[in-house]
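The values are calculated or read from the model by the stated rules, or taken from the named source; none is laboratory data. The structure displayed is predicted, hence computed values, not measured ones. Using ideal geometry, Cβ is built from the backbone for each residue, glycine included, and neighbour counts are taken over all protein chains shown. Quick note on the areas: whole protein, heavy atoms, side chains included, nothing else; ligands and nucleic acids left out. Shrake-Rupley method; radii C 1.70, N 1.55, O 1.52, S 1.80 Å.
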Amino acid sequence: MKFFLDTGNIKDIESLMPLGIVDGVTTNPSLMAKEGGDPRKIIKQICEIVKGPVSAEVVALDADGMIREGRDWAKLDEHIVVKVPFTREGVKAVKTLAADRIKVNVTLCFQAAQALIAAKVGAAYISPFVGRLDDIATDGMGLIQQIVDIYHAFDYKTEVLVASVRGPMHIVEAARMGADVCTCPPAVIEACFKHPLTDIGLEKFLKDWAAATKK
Ligand code: E4P
């Protein structure tokens with residue numbers, strides 16, 4: 001399973017890249033607004049650091065506007081994946097952008113029929129938002145299983161990109177279900193490095209080694 005970082009923060013990306021597990025980045029307008037600078041410049045910088053798929057979202061609501069913005073994003077860097085919301089206009093835009101060989105990530109997916117439609121029109125990625133479904137007492141990961149099953153049944157090439165991830169258990173479940181990508185906020189990656197038994201175990205190994213080498 002691929003790991004993407006769900007952030008527009010350069011410092012966070014730079015600090016996690018040396019782990020060697022980051023395959024790409026997803027951004028959205030809210031994440032970019034938090035950074036405060038020019039989103040285009042920041043996203044270009046992210047592409048240069050990550051050298052893998054970087055999702056940049058359109059904000060137009062009509063298909064023609066989305067296509068225009070998508071083509072413009074695609075010119076910024078070869079690693080850009082254009083993020084388009086799942087709306088009627090968004091679906092129309094996916095077909096045209098995909099025909100231009102521009103990779104599209106269909107975002108704001110909350111049900112399996114949306115994922116099926118996105119695959120039919122040639123989306124490179126589908127982004128089901130599991131955390132936001134969990135927030136309203138709906139089974140977010142259950143949606144991932146449904147989409148994985150449908151895509152396997154019809155051999156769709158669209159990658160299942162688990163989004164709105166809240167903690168390490170979302171990563172575990174995504175991997176068990178065979179999702180292609182899990183996009184994680186940096187804090188969720190950091191949480192994977194926190195286990196009391198790892199800390200206690202390391203402390204004991206070091207103590208025992210020090211005692212053994214003192215003799
Ligand atoms: C997906 O690509 C989105 O950027 C993101 O995962 C949304 O997550 P949130 O629900 O935590 O805002």
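Looking across the stretch 90-111, the residues that are away from the ligand (no atom under 16 Å from the Cβ) and open to solvent by less than 10 Å² (accessible area, probe 1.4 Å) come down to Ala93, Leu97. Within 21 Å of Val188 (Cβ to Cβ) and either in contact with a Pro (Cβ under 7 Å, 6 or more places away or on another chain) or open to solvent by 30 Å² or more (accessible area, probe 1.4 Å) (or both) - does that describe any residue in the stretch 61-74? For the stretch 61-74, residues within 21 Å of Val188 (Cβ to Cβ) and either in contact with a Pro (Cβ under 7 Å, 6 or more places away or on another chain) or open to solvent by 30 Å² or more (accessible area, probe 1.4 Å) (or both): absent.
Yes/no matrix, rows are residues, columns are (1) within 16 Å of the ligand (Cβ to nearest atom); (2) open to solvent by less than 10 Å² (accessible area, probe 1.4 Å); (3) more than 29 Å from Arg68 (Cβ to Cβ):
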site: Arg88; (1), (2), (3): no, no, no
site: Gln114; (1), (2), (3): yes, no, no
site: Val130; (1), (2), (3): yes, yes, yes
site: Asp134; (1), (2), (3): yes, no, yes
site: Asp139; (1), (2), (3): yes, no, yes
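Answer with yes or no whether Gly52 is open to solvent by less than 80 Å² (accessible area, probe 1.4 Å) and farther than 29 Å from Met177 by Cβ. No. Return a yes/no flag: does the stretch 193-212 have any residue that is within 16 Å of the ligand (Cβ to nearest atom), of a type in the set (Gly, Ala, Ser) and out of contact with any Ser or Thr (no Cβ under 7 Å at 6 or more places or on another chain). Checked the stretch 193-212: no residue is within 16 Å of the ligand (Cβ to nearest atom), of a type in the set (Gly, Ala, Ser) and out of contact with any Ser or Thr (no Cβ under 7 Å at 6 or more places or on another chain). Can you confirm whether Ala187 is within 12 Å of the ligand (Cβ to nearest atom) and free of Cβ contacts under 8 Å to residues at least 12 places away in the same chain? Against the criterion (within 12 Å of the ligand (Cβ to nearest atom) and free of Cβ contacts under 8 Å to residues at least 12 places away in the same chain), Ala187 qualifies.
Of all residues in the stretch 1-41, those being away from the ligand (no atom under 15 Å from the Cβ), farther than 16 Å from Val82 by Cβ and surrounded by fewer than 18 Cβ atoms within 10 Å (Cβ to Cβ) number 14.
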